[in-house]
Amino acid sequence: MKFSRVFSCPLSDPYVVSPLHPGDGVGFLAAPETEGPVIRLRLENGVWQNDEIAPGPGGCMSIISEPGRKGAYLAIMQCYPIFRFEAGGIYRLSPDNEAGGSVQRLFELPFVHRIETVPGEGGYHLVAATITQAKDSQEDWSRPGVVYHAWIP
């Protein structure tokens with residue numbers, strides 16, 4: 001397999017890429033692990049186009065499509081290098097409203113690192129994993145991570 005560069009991403013340090021919602025065309029989202037916006041890149045008429053769907057806050061570890069909300073995504077943000085995740089949380093990114101996009105913090109969850117959704121009776125479950133419960137220093141791994149569950153509001 002050979003990769004080729006077909007476009008330039010307007011992020012200084014992209015860390016996360018995630019596919020667009022089914023039905024939203026060919027493309028993906030990209031976000032930095034440092035401060036910066038979430039960018040949507042779409043292939044339109046054979047040309048890659050990009051636009052900003054959220055101004056930040058950055059520190060993105062993961063982005064997934066939010067089921068049941070067309071064009072909305074769930075993202076882990078405010079988790080900065082190196083393991084400065086104390087302010088971490090799960091956000092809803094809604095890129096296509098009249099205001100040009102919105103960012104809503106749904107859950108505070110320090111050290112959150114991965115998320116996924118699971119369908120259930122009456123809605124969707126959000127499952128989140130943290131890499132630790134807390135850190136006293138960069139080298140401190142004395143408190144193991146936890147897996148959490150919540151209903152998506």
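The values are calculated or read from the model by the stated rules, or taken from the named source; none is laboratory data. Computed from a predicted model, the values in this text were never measured in an experiment. Positions of Cβ are generated from backbone atoms using ideal geometry, with glycine treated the same way; all protein chains shown enter the neighbour counts. When the accessible area is computed, the model is the full protein with side chains, heavy atoms only, and any ligands, DNA or RNA have been set aside. Shrake-Rupley method; radii C 1.70, N 1.55, O 1.52, S 1.80 Å.
Scoring 48-58, 11-21 by mean Cβ neighbours within 10 Å over their residues and listing the highest first yields 48-58, 11-21. The listed residues 85, 3, once ranked by accessible area (1.4 Å probe) with the largest placed first, stand as 3, 85. Phi angles of region 116-129 translate, via the Karplus equation with coefficients 6.51, -1.76, 1.60 and θ = phi - 60°, into HN-Hα couplings of 7, 10, 9, x, x, 5, x, x, 10, 8, 10, 10, 10, 10 Hz per residue; Gly and Pro are given as x.
Computed on region 1-85, with alpha-carbon pairs under 8 angstrom and 6+ residues apart, the relative contact order is 24 percent.
Taking trypsin sites (Lys or Arg not before Pro) as exposed when DSSP calls them loop (any state but H, G, I, E, B) and at most 13 other Cβ atoms lie within 10 Å, what is the longest stretch of the chain free of them, the sites themselves excluded? Kindly include the intermediate steps, with their values, before the conclusion.
Details: sites that count: 2, 5, 70.
The longest uninterrupted stretch comes out as 71-153.
Rounded to the nearest 20, the size of the Cβ-charge dipole of region 27-153 about its Cα centre is 180 debye, with Lys and Arg at +1 and Asp and Glu at -1. Contact order for region 94-153, expressed relative to its length and based on alpha carbon pairs under 8 Å spaced 6+ residues apart, stands at 27 percent. Prolate is the label for region 105-149, because a/c, from the alpha-carbon gyration tensor with a ≥ b ≥ c as root eigenvalues, is 1.5 or above and a/b exceeds b/c.
Going by accessible surface with a 1.4 Å probe and the largest first, 8, 62 read 8, 62.
If you rank 132, 117 by how much accessible surface each has, with a 1.4 Å probe, what is the order from largest down? Provide the component values of the computation, followed by the final result.
On the way: 132 0, 117 30 Å².
Ranked list, largest accessible area first: 117, 132.
Spacing of the modelled spin labels on residue 51 and residue 149, each 7 Å from Cα toward Cβ, amounts to 3.8 nm.
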